[in-house]
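Asks: Below you'll find the structure I mean.
The values are calculated or read from the model by the stated rules, or taken from the named source; none is laboratory data. Predicted, not measured: the structure shown is a model, and the values here were computed from it. Cβ placement follows ideal geometry from the backbone for every residue including glycine, while neighbour counts extend to all protein chains displayed.
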Amino acid sequence: MGGRASKAKGASGEREVVGLFQTAGWPDARRSGVSGQQDGDICNVDPFVIEVKRREKLDIPAAWRQVLEVCPPDKYPLVIHRSSKQAWLVTLTLEDFHELLPGERVRSRRVGPISG
């Protein structure tokens, strides 16, 4: 898929993610509409800067670099991505993930030692 079809697929993915954020309690979420804008692909979803990728094969490190380029230090960068007929996934650093979770929740969900 290339050119116009690829852009349409990306815009459709962004609209879908906006709807999910609006349903989850960010009623002002919207597409930024300007490529490379300081607030990413989706804006008004504080404290996040969001890059949306709707691709069959995603270069996650490249997408991560892209969101980092526009993410100020006081925000959390997220890459939200999915391929066809799959669930949306979120990529963020483990450090940011830990900061975002309330401490009690982390302790209450842990059932044993984490092995790697």
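Asks: Looking only at region 57-69, decide whether some residue is within 12 Å of the chain's Cα centre (by Cα), under 14 Å from residue 9 (Cα atoms) and of a type in the set (D, E, K, R).
Replies: no
Asks: Ok, one more. Condition check: within 24 Å of residue 12 (Cβ to Cβ), of a type outside the set (Gly, Ala, Ser) and out of contact with any Pro (no Cβ under 9 Å at 6 or more places or on another chain). Does residue 78 satisfy that?
Replies: Criteria met by residue 78.
Asks: Considering region 31-43 alone, what residues qualify as being farther than 15 Å from residue 92 by Cα and within 13 Å of the chain's Cα centre (by Cα)?
Replies: 31, 39, 41, 42, 43
Asks: On the given criteria, is residue 33 assigned to a loop (DSSP other than H, G, I, E, B) and at pLDDT below 95?
Replies: Values: assigned to a loop (DSSP other than H, G, I, E, B): yes; at pLDDT below 95: yes.
Criteria met by residue 33.
Asks: Would you confirm whether any residue within region 65-88 is hydroxyl-bearing (Ser, Thr, Tyr), loosely packed, with under 14 Cβ neighbours inside 10 Å and assigned to a helix (DSSP H, G or I)? I'd like the intermediate steps shown before the answer.
Replies: As a first pass, look at region 65-88 and keep what is hydroxyl-bearing (Ser, Thr, Tyr): 76, 83-84.
Remaining after also requiring loosely packed, with under 14 Cβ neighbours inside 10 Å: 83-84.
Add one more test, that the residue is assigned to a helix (DSSP H, G or I), and what stays is none.
No; the residues of region 65-88 include none that is hydroxyl-bearing (Ser, Thr, Tyr), loosely packed, with under 14 Cβ neighbours inside 10 Å and assigned to a helix (DSSP H, G or I).
Asks: Inside region 1-32, can you point out the residues that are hydrophobic (A, V, I, L, M, F, W, C) and surrounded by fewer than 10 Cβ atoms within 10 Å (Cβ to Cβ)?
Replies: Answer for region 1-32, where residues must be hydrophobic (A, V, I, L, M, F, W, C) and surrounded by fewer than 10 Cβ atoms within 10 Å (Cβ to Cβ): just 5.
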